[in-house]
Amino acid sequence: HDELSKQQSDAICTALQLINFWQDVSVDVPRGRFYKINEPMPNLVAWARSLMVQGAPLCKRVGGRFGFELRLVVQGGLRILEKIEIQSFDTSTKRPKITKWDAPLIFWRAVLM
């Protein structure tokens, strides 16, 4: 319940929410949901990544099973950002998603955190 933990938690949660918005553009627009983006997508991806990295130390401070699950969440979010980059930042035509092939990579990165 300390201030640093709250800040790190907020950074992770904000990054995840932003990633979710950008990940779902191809799904949301046909449903009539549109988010006006005034920044170039590469800048937004960099911002989300910096928030995630800023919050990541919370994973070790929490520790135990919950801390490891949080590591997986952080790595999953970072993997989606990588996939957005791989798609040249175009999420309007294809939704980047985690597949079973990403699981070993995410797991390994979580172990190394």
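The values are calculated or read from the model by the stated rules, or taken from the named source; none is laboratory data. This structure is a prediction, so every number in the text was calculated from the model and none was measured. Cβ sites come from the backbone with ideal geometry, for glycine too, and all protein chains shown count toward neighbours. Just so you know, the surface numbers come from the protein's heavy atoms only, side chains and all, with ligands and any DNA or RNA stripped out. Shrake-Rupley method; radii C 1.70, N 1.55, O 1.52, S 1.80 Å.
The table for this structure:
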{"quantity": "Residue satisfying condition, being over 18 Å from residue 24 (Cβ atoms), under 15 Å from the mean Cα position of the chain (by Cα) and part of a helix (DSSP H, G or I), within set 109, 61", "calculated": "109"}
{"quantity": "Residue 71 vs. criteria in contact (Cβ under 8 Å) with a residue 12 or more places away in the chain, open to solvent by less than 60 Å² (accessible area, probe 1.4 Å), assigned to a helix (DSSP H, G or I) and over 23 Å from residue 7 (Cβ atoms)", "calculated": "no"}
{"quantity": "Residue within the range 38-60 that is over 13 Å from residue 74 (Cβ atoms), among the basic types (Lys, Arg) and open to solvent by 70 Å² or more (accessible area, probe 1.4 Å) present", "calculated": "no"}
{"quantity": "All positions within the range 16-37 that are in a helix (DSSP H, G or I), touching a residue at least 40 places away in the same chain (Cβ under 8 Å), surrounded by 12 or more Cβ atoms within 10 Å (Cβ to Cβ) and not polar (S, T, N, Q)", "calculated": "16, 19, 22, 25, 29"}
{"quantity": "Residue tally, condition open to solvent by 60 Å² or more (accessible area, probe 1.4 Å) and either of a type in the set (S, T, N, Q) or within 17 Å of residue 70 (Cα to Cα) (or both), over the range 1-13", "calculated": "6"}
